[in-house]
Every structure is written in structure tokens, then in C-alpha cells.
Amino acid sequence: MKINKDSIYYLELFMVNRAGNPATGLSITYTITKSSDDSVVDSGSLIEIGSGNYKSSYIFTVEGQYRINYQTPSGYSNEVEYIIVETERAKESTLQSVKQIVELIEQAEFGRWKIDVANKKLLFYKEDNTTLIAEFDLYNQNGIKAVSNVTERKRVL
């Protein structure tokens, strides 16, 4: 799961007994570990909030990947949760990168494609059909630049 740096993250478990009923009165602890170096960042106990639900919270102040280990009483299974903490800026940067990739795909798909026979190149243009966005050298199966029996292209722009 990905979360924002400096925001509250709720550690929550719902526990049931062997009969499938909510398990109350349990002592459940947790340990938050930084995955990169296995250092313990925090540990504590979950508080029972009723009907088999246990909860605590933590504010992650450093970006990175974390592991939350929940230690439950004997007879119950321990749980592990993985968290990636990032800044809003990182999410915005990722979103912007995805938008740029989609835009490039759209431009290549809907713009003009041209084989430059003299230079043995494949040219991709934006939708305006004049702005060059990608250029590929074309090669045959022998690795020689060609425009017929092309088996490979190598991007040069």
C-alpha cells in the first residue's frame, strides 16, 4: 500500500476466534521496521475498539518502504503488512510521467509515420504531421540499414 509522508496511518486488525466469532480481550502488539535496513522504527500495542477490532496509528515522517509485523496471541495467525511512504510530489511526478507517456503514444498513433527511403529511417510525427517526435534507423536481418525486409529498428531520436 502507498501512503503520503507526514499523514496518519491507521494500523488495524479484525480478529476472529476458531468459531468465527469476533475475538475480544486479546493482547496484540506491532513492530514497524524499515525494509531497507531492518531497523525498528516503532513498536507498541493495538487497542481493542470493540467487536474484534483492534487499532493504533502512526505518522510516517520519512519516505521509504516499511514492514508492519502484528504479533498475536498463540492460536491466532500473525500478520504482516507492507507500506510505501512517498511525498505528494513523488505521486505528482509519477502521474506526470504517465501522462507524458500516454501523450507520446497518442501522438505516435495519430500522427504521421514516414519511411525516409534515402536515409533508411522510420519517422514519427505529432498529430500536426510536421513536428518530429521519434526517429528510428531501420535494419534487415543481417544488421544492414534497409527499407525492405526490415527486422529491427533502433531509436536515434
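Computed from the coordinates by the stated procedures, all read-outs in this text should not be read as laboratory data. Not measured: the values here are computed from a predicted model. Cβ atoms come from the backbone with ideal geometry, glycine included; neighbour counts cover every protein chain shown.
Side notes on the structure shown:
- Overall dimensions of the stretch 90-155 by Cα: Rg and Dmax, Å: 14.7, 45
- Dipole of the chain computed with +1 at Lys/Arg Cβ and -1 at Asp/Glu Cβ about the Cα centre; of F136, F60, G20, farthest Cα towards the positive end is F136.
- Placing unit charges on the Cβ atoms only, positive for Lys and Arg and negative for Asp and Glu, gives the chain a dipole magnitude near 620 debye about its Cα centre.
- 10 °C / 1.306 mPa s Stokes-Einstein diffusion coefficient of the stretch 8-157, Kirkwood radius on C-alpha pairs, µm²/s: 77
- Selected from T130, T29, T87 as most flexible by GNM, with the chain as the system and alpha-carbon contacts under 10 Å: T130
- Whichever lysines have a C-alpha closer than 22 Å to that of K2, once near sequence neighbours (fewer than 8 apart) are set aside: K34, K55, K91, K99
- The chain: angle of helix 88-110 to the longest principal axis, Cα-based, in degrees nearest 10: 30
- Computed over the stretch 2-86, Kirkwood Rh from alpha-carbon pairs, angstrom: 13.5
- Fewest-first ordering of I83, I49 by other beta carbons within 10 Å of each residue's beta carbon gives I49, I83.
- Relative contact order, percent, the stretch 20-143 [alpha-carbon distance under 8 Å, six or more residues apart]: 15
- Check: the stretch 2-86 dipole with +1 on Lys, Arg Cβ and -1 on Asp, Glu Cβ, in debye: 240
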